[in-house]
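The values are calculated or read from the model by the stated rules, or taken from the named source; none is laboratory data. Just so it is clear, the model here is predicted, and its values are computed rather than measured. Cβ placement follows ideal geometry from the backbone for every residue including glycine, while neighbour counts extend to all protein chains displayed. Just so you know, the surface numbers come from the protein's heavy atoms only, side chains and all, with ligands and any DNA or RNA stripped out. Shrake-Rupley method; radii C 1.70, N 1.55, O 1.52, S 1.80 Å.
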Amino acid sequence: MRLSRLALLLVVGVCFTPMPALAQTFVFGAQGEPVQLDPAVITDGISSRITRQIFDGLVRYRGSTTEVEPALAEKWEVSRDGRVWTFQLRRNVKFHDDTPLDAAAVVWNFERWWKSGHAQHENQVKAGQTFEYWEAQFGGFDDKSVVTKVEAVGTHTLRITLKDPQAPFLANLAMFVFDIASPRAVETSGTEFGKRPVGTGAFKFVEWKPNQEVILEANPDYWGGKPKVKRVVVRNIKDNSQRLGALKAGEIHAMEGLNPDDVAVVKRDSSLQLLLRPTNTTGYIAFNYKVKEFQDKRVRHAFAHAINKKAIVDALYGGTGLVATQFQPPSLWGYNRELRDFEYSPAKAQELLRQAGFAQGLSDITGEDGKKEPLIFWYMSRSRPYFPNPKEIAEAMAADLAKVGIKVELQTAEWAVYLDKRKNGQLSLYMLGWTGDNGDPDNFLCYFFCQPGASREGFYANPALADVLLRAQKAVSQVERARLYRQAEQMLHDDVGRLFIANNQPPLAFSKRVKGYVPHPTGSEYFHTVEVQ
Amino acid sequence: MRRYAIQRSLTVIPVLLGVSVLVFGFIHLIPGDPALTMLGERATPEKVTEVRARLGLDRPIWQQYGIYIGRVVRGDLGVSIVRGDPVLADLLRRFPATVELATAAIVLAVALGIPIGVASAVWRNSIVDSLARLWALTGVSMPIFWLGLMLAWFFGVELRVLPTGFRLDTGTTFAPWTNFVILDATLQGNWPVLADALRHLVLPAAALATIPLAIIARMTRASMLEVLSREYIRTAEAKGLSQAAVVLRHALRNALLPVLTVVGLQVGHLLAGAILTETIFSWPGIGLWVYESIESRDYAIVQGASLFIAVIVVGVNLMTDLLYAAVDPRIKYD
């Protein structure tokens, strides 16, 4: 009898222990586990969301834009030829380990990223890490880099000399990868620095419980003002529905990675709010230019009129998608607002096909060797922000194409195989997309179109376009660059080089108690402005 | 008996060798270049070559296997491709969470499954039996994934009486000694943490226990029915023993033997089920870890963990077989 009463008590106690109050803590639900917390060697959004709270860069993006504003550097100037940059660092800033932030510390960080012989660079490479973004944004390591000299010309004055002017230089420096780490902490921890990060940011690292959560606490001496919450907990909840469940149950305050179907659920719930990240991602269809039929511009043009982008965006993006007219998403300053997109018109598409000699429709294509084969439309096996439901989107497009007489066979491949075939130019017609890294148009356009005829771009060769893009990369004035990028988009559009389908604005869900969260196109947002009521 | 034990133990060696070949081979069976999968859209040819060399994928396959097995024998499961941490250390740190969950689930399954099975057999074709069989059938065919989501939704989101996931509440400061949180909290006398840990354990354990519970209940029922029709049961009844004594002392003891085997076999299913259950409930054991590693294509972890799980399953089955012989003295092995 006594035993059963005890058991009953235990069960009741277990069920009704009150939830602890979370007032001073902001709990964010992430989609997975951070890789590590050393910003210099990571590339993923889950890790960088956390490092952005612990570290600062010389400059940062303003609000929800990709324009650059001061951070650890208060001001800067650039020489007339665009090669020498001088930064004035903010005074009285300290790393969380109490060492001072000065020009010497920043020089040390640059040398670590840039010089392959630097002890703290070499050990990372030996451990299998790479300074991938330094290589991508600054041309490579050592002599290959566009950076030729980084020096401290005063305790708080830093001078960086470049081989050639690099227009996206400041936008590059604002990326999370180039946030400044405490040299002493890196030297003490070595390759373990990613588990014990030390920066100057609004929050200090406290603890990382593997597969569970990362805990940060407010840095009361933060140069940008004291954070509004005392603690930040980033919880790892793998499953999208379960994460939404935790949000509804009040166990977390915010989450990313919402299923498109759940957007409506969040909108309906009076205790939740929905925020959208400004779009920074574009999904497209690419042609293989080795295919004889696709070399005829009228055929590509017919595709452009045949696909009903708006219907696809309305039906399959949960209300967070936008129709894309060009490669750059509208949030970029090189975006061409004047550009008139091809209208949806099956009649026009049929007319164009007729003119091109396909009055009976198009279902077979001719390869380089003259052999006929069925037209296969390759769709992605994985969901990405630009195509959240690749299969459904591909089916909708195939149905649109069928209406004008273009019959495609849908086919997919395991993600690695897909990327491999794409790289080798083996896909005749395929879907893919891009998510921007730094808000610079160069990051979208040049990666794809600066090497005419590359197999990974379906052998698309447009040297005039490449020329405009390379000029835009070197030009110093942003006004001039913007003009060149608008021109490039128009050229790409007029040639129907590729079909841009949709931009997506990744949705974030929040408890209504959260105020002050500013979503950013790059996905790395700051938590120090966040309040939990 | 000793001879049997030795013989039975020796059969483990070829099984484990086979497992190692499978686990090693699977990285080469997946379509596509693992290096390319890891690098994704941004892969440059130089990067791919570099990663292939780092993973040793550029060597002949027999050489790769030789190197691999040599390391495994020395207890080296390699390092995580994504994070660079030693796989074995990470595995051992996460294993207690899985053991805790699996133990809770098996205790729940046995504690409920056997009585249900016995009741079902004793009151055969009664309403109790029909309900129990219906429930057992549903339990066996229920996808854990769906059940877990429903449990979390109902008890966590709608009723808000139990947490939807994790082992402890956010911000609980607790320094475990062994990573067996319930054991540690009990040893440290930290009752609030113990209560918190138990609250978090209820739903995942219930989800994970559903299938084994149903299987154990069905097995117990079948085995009991068989034993109850034996002549010595009639003799016992004829002697005038109470029904409870007949059922519990005479029938159940004999009926439990096949059930014991089934319980042993469930350990493998529990570890497999733990991958889904842990993912749904954000339970930081090896299941969630394996799931994340599959997603991030961390082949070293997937290989290491698969091998580890296989060793556990083989070991538990070996123990069950040996136990079987020990429990039932009538069984002779020659």
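Tabulated values for the structure
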| item | result |
| --- | --- |
| GNM top mover of B:T11, B:T138, B:T103 - chain B, alpha-carbon springs below 10 Å | B:T11 |
| Neighbourhood net charge (13 Å Cβ-Cβ; Lys/Arg +1, Asp/Glu -1) for A:F176 | -4 |
| Heavy atoms of A:D261 accessible to a 1.4 Å probe, total area in Å² rounded to 10 | 130 |
| Accessible surface of B:W123 - all protein chains present, 1.4 Å probe, nearest 10 Å² | 140 |
| Cα shape, region A:243-393, gyration tensor, a/c 1.5 rule | prolate |
| For chain B, built as a Gaussian network whose Cα springs stay under 10 Å, the top-fluctuating residue of B:G25, B:G264, B:G66 | B:G66 |
| Region B:49-106 - Debye-derived log10 I(q)/I(0), Cα point model, q = 0.29 Å⁻¹ | -1.14 |
| Local electrostatic count at A:Y430 - Lys and Arg +1, Asp and Glu -1, tallied over other residues with Cβ under 10 Å | +2 |
| Region A:194-310: Cα Rg divided by the 2.2 N^0.38 Å rule of thumb | 1.69 |
| Region A:127-284 - accessible surface per residue (Å², probe 1.4 Å) | 35 |
| Which of A:F459, B:F24 is most accessible, then next, and so on - probe 1.4 Å | A:F459, B:F24 |
| Convex hull projection area averaged over all views, the protein assembly as shown, Cα basis, nm² | 43.6 |
| Span from the region A:251-268 Cα centroid across to the region A:200-218 one, whole angstrom | 24 |
| Solvent-accessible ranking of B:I309, A:I307, largest area first, probe 1.4 Å | B:I309, A:I307 |
| List A:M491, A:M397, ordered by accessible area with a 1.4 Å probe, largest first | A:M491, A:M397 |
| Estimated buried accessible area (total), pair A and B, 1.4 Å, Å² to nearest 100 | 4600 |
| Fluctuation leader among B:R218, B:R160, B:R297 - chain B, Gaussian network, Cα springs under 10 angstrom | B:R160 |
| Computed Rg/Rh of region A:411-533, alpha carbon atoms with Kirkwood Rh | 1.08 |
| At least 15 Å along the helix axis (C-alpha) and Kyte average at least -0.5, DSSP helices within chain A | A:2-16, A:103-114, A:390-403, A:463-474 |
